[in-house]
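J.: This is the structure I want to talk about, given as structure tokens.
The values are calculated or read from the model by the stated rules, or taken from the named source; none is laboratory data. This structure is a prediction, so every number in the text was calculated from the model and none was measured. Heads up, the Cβs are rebuilt from the backbone with ideal geometry, glycines too, and the neighbour counts pull from every protein chain shown.
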Amino acid sequence: MLADLVIHNATVVTGDTTFAGSVAVKDGKILAVGAKDIMPEASETLDATGLHLLPGAIDVHVHFRDPGYPHKEDWASGTAAAAFGGVTTVFEMPNTIPPTANAKILAEKHAIASSKAYVDYGLYGLLGEDTIDKVDELIETGVIGFKLYMGNTFGAIPSPTTGAMLEAFEVVAPTGKRISLHAETNSIMERRQSALTKAGRIDPLAHLAARPAVVAIEAVSRAAVLAEWTGARIHILHISSAAELRPLAEAKARGVDITGETCPHYIFLSADDYARLGGIIRVNPPVRERENQLPIWNALTSGLIDMIATDHAPHAPEEKTRNDIWMVDCGFPGVETQRPIMLTEVAAGHASICDYVRWSAVNPAKAWGLWPRKGVIEPGADADISLIDLGHRWRIDDAKLQSRSKITPWHGREVCGLPIHTIVRGKFAMRDRELVAATQGWGRSVHSIQQMPPPQPKNLDQTTAFILKAPKDAALR
């Protein structure tokens, strides 16, 4: 059999081991992995001497702002940034204009993404007070999962009441889809921000003061209880504090199907950086006090936190540099810089390269039912490959990022590890640090290959739908 591509002389990395070897690709899938002399003939070969071959990263948390905010980012620039970061699959959030709240809007977003994307993608459907009855049509049209905003953030998506949140969990639980949660308690934050504004606080640290860690503790705890009651699968986005690790651990110990992510900025930035960065650092949840960094890192290395994501949230430079912190848009790009930042810690000996593959590829693929099609280097898997020069030291330069947003808190940071080639289902999206224009539109939605485990809904005789259909005297029988 003639392969399309054979990569020779790489150090192949899995979630368990590393070894010198070759990888053959055919029809978008990995055909063979092993010694050079057993590889088939190929139309093309690539000498990867000095490079590590990793599964492409799966970033389960990005905002590409398209439709609605094309000056911030669109699917072309966002997925180009992903390709340059060695990311081969992204999950995109629903807080665009209009929000991804029904089948029609979702179909329109699929059309935009499929025409522009350089990498594979999944789309979240919005789960809120007014979209509970849209769950089935969103699933039929193609979502990777659902996003529920327990707290306010960019886009001003209304937060559902706890009653609506319970009902939403009841509806999603039997589908088996995972619900990703912006886990901050909205009422606390709005009250505190109002008080701070009235007091004249417009400095960057006011943002942190408005969103103390208790908002995350309460929200994670509440979400875990509702998930335990309903059997819904949930994912805690952007874990920012040491304090929320306790309800996460307790929920896992109780058997709740709960996963969690953190982002590089919660590990490597702290409140000490607010004076230096000003509004650039504003993000929801906020970057917190330094004492949160090590516990979050330890939770990642221990497996309590399942994965690394970015919350890639681009804005124009003028939207990040306003003098009034409440007028600064929240978030910054990250999909292109995550791998180098995290691999710098691997180079420093703080984690193994296999640890990193689990955080960035294996665990996301398993949590969202994409394993073993994604997140692994083995025959039969999609040929999603990131070839990285682990020893390459360089400085992040915002001006050279692929994102339309040329402003991050990482500008000037020295990192070790540079993606050289990114391959998505057998095609180069980025080669020798150059975007391969011909692969624009090659990215496809991964919802069609998703295979979640059978759902395990609970308390079905006490759901809102059940009690509305039950006879009036049912409780007496």
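J.: Of (1) under 24 Å from K72 (Cβ atoms); (2) part of a loop (DSSP other than H, G, I, E, B), P340 satisfies all except one. Which?
T.: Evaluating P340 over (1) under 24 Å from K72 (Cβ atoms); (2) part of a loop (DSSP other than H, G, I, E, B) leaves (2) as the failure.
J.: Residue by residue through segment 210-239, note down the ones that are in contact with a strand residue (DSSP E or B) (Cβ under 8 Å, 6 or more places away or on another chain) and among the aliphatic types (A, V, I, L, M).
T.: A219, V220, A223, A224, A227, A232, I234, I236, L237, I239
J.: Give the residue, chosen from I407, I388, that is more than 20 Å from H61 (Cα to Cα), touching a His at 6+ places or on another chain (Cβ under 8 Å) and of a type in the set (V, I, T).
T.: Answer to the check: I388.
J.: Just a yes or no: is a residue in segment 221-238 in a loop (DSSP other than H, G, I, E, B), farther than 24 Å from M93 by Cα and at pLDDT 95 or above?
T.: Scanning segment 221-238, I find no residue that is in a loop (DSSP other than H, G, I, E, B), farther than 24 Å from M93 by Cα and at pLDDT 95 or above, so the answer is no.
J.: Answer yes or no as to whether W410 is outside the structural domain of R178 (by TED's automatic domain parsing), closer than 14 Å to T79 by Cα and outside any strand (DSSP E or B).
T.: Judged against the criteria, W410 is not a match.
J.: Write out, first by first residue and then by second, each pair whose Cβ atoms fall under 9 Å of each other, whose residues are 6+ apart or on separate chains, and whose first residue, in segment 171-199, is closer than 14 Å to N284 by Cα while the second is at pLDDT 95 or above and aromatic (F, W, Y).
T.: Note: pairs meeting the criteria are L181/Y149; H182/Y149; E184/Y149; N186/Y149; Q193/W326.
J.: Which one of these does L370 not meet: (1) in a loop (DSSP other than H, G, I, E, B); (2) not assigned by TED's automatic domain parsing to the domain that holds L226?
T.: (2)
J.: Now a separate question. In the list T439, T408, which residue meets the criterion of being closer than 22 Å to D47 by Cβ, among the β-branched types (V, I, T) and surrounded by 13 or more Cβ atoms within 10 Å (Cβ to Cβ)?
T.: Going through T439, T408 in turn, the sole match is T439.
Each row is one residue, and each column tells you yes or no for (1) part of a helix (DSSP H, G or I); (2) closer than 27 Å to D257 by Cα; (3) under 15 Å from the mean Cα position of the chain (by Cα); (4) assigned by TED's automatic domain parsing to the domain that holds D120.
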{"position": "W297", "(1), (2), (3), (4)": "yes, yes, no, yes"}
{"position": "F332", "(1), (2), (3), (4)": "no, no, yes, yes"}
{"position": "E345", "(1), (2), (3), (4)": "yes, no, no, yes"}
{"position": "S360", "(1), (2), (3), (4)": "yes, yes, yes, yes"}
{"position": "P364", "(1), (2), (3), (4)": "yes, yes, yes, yes"}
{"position": "S386", "(1), (2), (3), (4)": "no, no, no, no"}
{"position": "A399", "(1), (2), (3), (4)": "yes, no, no, no"}
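J.: Among the numbered criteria (1) closer than 22 Å to V60 by Cβ; (2) charged (D, E, K, R); (3) surrounded by 17 or more Cβ atoms within 10 Å (Cβ to Cβ); (4) over 21 Å from the mean Cα position of the chain (by Cα), which single criterion is violated by E378?
T.: Unmet condition: (3).
J.: While we're looking at this one, here's another question. Would you say K104 is without any contact (Cβ under 8 Å) to a residue 24 or more places away in the chain, at negative phi and not aromatic (F, W, Y)?
T.: Considered against the rule, which asks whether it is without any contact (Cβ under 8 Å) to a residue 24 or more places away in the chain, at negative phi and not aromatic (F, W, Y), K104 comes out as yes.
J.: May I ask you to list the residues in segment 101-113 that are surrounded by fewer than 18 Cβ atoms within 10 Å (Cβ to Cβ), under 17 Å from V446 (Cβ atoms) and touching a helix residue (DSSP H, G or I) at 6+ places or on another chain (Cβ under 9 Å)?
T.: Once the filter is applied, which keeps residues that are surrounded by fewer than 18 Cβ atoms within 10 Å (Cβ to Cβ), under 17 Å from V446 (Cβ atoms) and touching a helix residue (DSSP H, G or I) at 6+ places or on another chain (Cβ under 9 Å), segment 101-113 yields A107, I112.
J.: If I filter segment 118-133 for residues that are among the aromatic types (F, W, Y), in contact (Cβ under 8 Å) with a residue 40 or more places away in the chain, assigned to a loop (DSSP other than H, G, I, E, B) and surrounded by 19 or more Cβ atoms within 10 Å (Cβ to Cβ), do I get at least one hit?
T.: yes
J.: Would you mention how many residues in segment 29-71 are among the small types (G, A, S) and surrounded by fewer than 16 Cβ atoms within 10 Å (Cβ to Cβ)?
T.: Number satisfying all stated conditions: 5.
J.: While we're looking at this one, here's another question. Is it the case that segment 135-149 has a residue that's of a type in the set (K, R), surrounded by 23 or more Cβ atoms within 10 Å (Cβ to Cβ) and outside any helix (DSSP H, G or I)?
T.: yes
J.: Among what's in segment 159-177 and is part of a loop (DSSP other than H, G, I, E, B) and more than 13 Å from I132 (Cβ to Cβ), pick the residue that is modelled with the lowest pLDDT.
T.: Step by step, filter segment 159-177, then rank; the result is S159.
J.: With over 20 Å from C416 (Cα atoms), surrounded by fewer than 18 Cβ atoms within 10 Å (Cβ to Cβ) and modelled with pLDDT of 95 or more as the only criterion, which of A299, A367, A316, A348 stands out?
T.: Of A299, A367, A316, A348, the one residue that is over 20 Å from C416 (Cα atoms), surrounded by fewer than 18 Cβ atoms within 10 Å (Cβ to Cβ) and modelled with pLDDT of 95 or more is A316.
J.: Also, quick follow-up: Out of all the residues in segment 270-281, which are surrounded by fewer than 22 Cβ atoms within 10 Å (Cβ to Cβ) and aliphatic (A, V, I, L, M)?
T.: A271, A275, L277
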